[in-house]
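The values are calculated or read from the model by the stated rules, or taken from the named source; none is laboratory data. What you are looking at is a predicted structure, and each value in this text was computed from that prediction instead of being measured. Heads up, the Cβs are rebuilt from the backbone with ideal geometry, glycines too, and the neighbour counts pull from every protein chain shown. Note: areas computed on protein heavy atoms with side chains; ligands, DNA, RNA excluded. Shrake-Rupley method; radii C 1.70, N 1.55, O 1.52, S 1.80 Å.
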Amino acid sequence: YKKYWLHFVPAAIYFTVHLIAWARPLAQKQQAIDWLWQHKWHQVEGYGNVLLFSIYLFLTIRHYTAYIKWLPTEYSNTEKLQLRWIRNFIVLLGIYCAVYLGFGLYSELYGWYGYKVQFWQYLVLAIIIYYISATGYAYVQKHKVAFDMDTGRQQNRPEAANTIAEETTSNSPATAAANPGFEALKELLLGHLQKNKPYLDPELTLSQLALEMEKPPYVITQVIKTTLGKNFNDLINGYRVAAVIEKLKAGEQKTQTLTGIAYDCGFNSKATFNRAFKKATGNSPGEFAQKR
């Protein structure tokens with residue numbers, strides 16, 4: 001993790017320069033400030049801030065987007081793992097970047113960057129800081145999610161399909177997608193789901209399912225994607241919806257709520273249940289139940 005220390009270099013430079021100016025005797029402080037001003041240090045800081053904010057905003061968006069795409073491939077219930085407070089933080093950070101850049105351009109055009117301008121800039125920054133502080137304090141992490149950018153790429157890269165082909169019938173990579181080994185693994189997977197009903201566990205993950213089947217997780221991922229045209233989340237929630245429909249056909253909605261039925265079938269979120277049910281049937285759970 002030594003490479004991550006490089007991220008602290010800009011901050012170290014910033015604080016070193018300001019600390020040197022601050023540590024000087026009072027009579028020399030203004031001289032130090034004037035020297036920095038003459039050598040355009042304020043412009044270096046300004047442009048550097050814009051550059052760093054832009055870079056880190058881009059990296060944050062890329063990482064969060066990759067996480068959201070990866071989540072359904074690993075977890076069967078994702079509603080509580082969406083980390084929407086991070087999404088909101090990204091939006092606020094984007095707004096601050098726009099405000100900061102706008103005030104920077106204003107100062108370049110009109111040559112004035114006094115307190116009245118800085119007030120609004122720092123007000124936006126203060127709102128972001130208070131928001132992150134409040135949400136960070138209120139947020140309780142109940143799930144351990146081990147997401148890694150490299151792992152997410154590995155699960156979706158074409159080479160993973162080639163590895164499956166080698167593990168099954170050792171055919172050439174060019175025919176991997178049509179390899180009979182995929183069909184054999186698909187039948188094994190569907191048989192396990194139908195017989196053992198692991199989807200009834202609301203905390204079911206791809207890693208857990210792979211462990212039960214004694215197969216590597218990336219193999220299960222590629223089998224689901226290649227032979228069924230789905231991701232892990234859609235597959236498991238499809239079975240859960242089917243289980244709910246069976247209970248509705250049996251009339252269980254007369255003795256308990258739809259949400260209760262959904263929880264019995266492996267869902268742990270009403271929003272996820274409604275979304276998955278409508279995606280699978282074209283109707284909301286309430287509409288479907290009324291037709292029974």
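Of note:
- Of the trypsin sites (Lys or Arg not before Pro) found in segment 21-88, those that fall in a DSSP loop while having at most 11 other beta-carbon atoms within 10 Å are Lys40.
- FRET efficiency, 1/(1 + (r/R0)^6) with R0 25 Å, evaluated for Glu183 and Leu211 via beta carbons: 0.65
- For the set Val244, Val17, Val91, the ranking by accessible area, highest first and with no ligand, DNA or RNA atoms included, is Val91, Val17, Val244 under a 1.4 Å probe.
- Couplings 3J(HN,Hα) for segment 60-67, derived from phi with the Karplus relation 6.51 cos²θ - 1.76 cosθ + 1.60 (θ = phi - 60°), are 5, 4, 5, 5, 5, 4, 5, 5 Hz, where x marks Gly and Pro.
- Note on segment 201-289: with neighbouring protein chains present and a 1.4 Å probe, carbon and sulfur make up 53 percent of its accessible heavy-atom surface.
- Here the dipole of segment 175-251 is about 220 debye; that uses its Cα centre as origin and unit charges on the Cβ of Lys and Arg (positive) and Asp and Glu (negative).
- Based on protein heavy atoms only, segment 1-138 ends up with 73 Å² per residue of surface accessible to a 1.4 Å probe.
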